[in-house]
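Worksheet: the structure to be examined is printed underneath.
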Amino acid sequence: MYKENLIEAYHDPATILFRGIELKLLKQKFGKYLNKEKILDFGCGAGIACAAVFDRQVSYGLDSNLHAVSLAKKSKNYEKVFLV
């Protein structure tokens, strides 16, 4: 998913605001460290947050929702995605 399209992935205005602030702070505080390590994303969903925070593929994504795992695999934001 391209970063320009991330806002379109959220349909609720409150969610857009909340997630936007959360992801900006996460990237500012931890982005330089996290982009160098293997990362396991618990509850990865469709991979929207991953694309917003990281400038590369994340190592692993895990989610318990079959539809979310399918979307995460299609997003190519993860090296591997697992249904747990």
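For SER70, are the conditions met, namely being of a type outside the set (Asp, Glu) and in contact with a Phe, Trp or Tyr (Cβ under 8 Å, 6 or more places away or on another chain)?
So SER70 fails the test.
Taking LEU83 and the conditions (1) surrounded by fewer than 21 Cβ atoms within 10 Å (Cβ to Cβ); (2) hydrophobic (A, V, I, L, M, F, W, C); (3) touching a strand residue (DSSP E or B) at 6+ places or on another chain (Cβ under 9 Å); (4) touching a residue at least 24 places away in the same chain (Cβ under 8 Å), which numbered condition does it fall short on, given that it satisfies the others?
With (1) surrounded by fewer than 21 Cβ atoms within 10 Å (Cβ to Cβ); (2) hydrophobic (A, V, I, L, M, F, W, C); (3) touching a strand residue (DSSP E or B) at 6+ places or on another chain (Cβ under 9 Å); (4) touching a residue at least 24 places away in the same chain (Cβ under 8 Å) applied to LEU83, the lone miss is (4).
Looking only at residues that are in contact with a Leu (Cβ under 8 Å, 6 or more places away or on another chain) and open to solvent by 70 Å² or more (accessible area, probe 1.4 Å) in segment 20-46, which one is farthest from SER70 (Cα to Cα)?
Here the answer is LEU40.
Restricting attention to segment 16-46, which residues are basic (Lys, Arg) and not in a loop (DSSP other than H, G, I, E, B)?
Within segment 16-46, ARG19, LYS24, LYS27, LYS29, LYS32 qualify.
Somewhere in segment 47-57, is a residue touching a residue at least 40 places away in the same chain (Cβ under 8 Å), open to solvent by less than 30 Å² (accessible area, probe 1.4 Å) and outside any helix (DSSP H, G or I)?
Yes, segment 47-57 has at least one match.
The values are calculated or read from the model by the stated rules, or taken from the named source; none is laboratory data. Only a predicted model underlies this, so the values are computations on that prediction, with no experimental measurement involved. Neighbour counts run over all protein chains shown; Cβ positions are idealised from the backbone, glycine included. Each accessible area value is taken on the protein alone, full model and side chains, heavy atoms only, with ligands, DNA and RNA left out. Shrake-Rupley method; radii C 1.70, N 1.55, O 1.52, S 1.80 Å.
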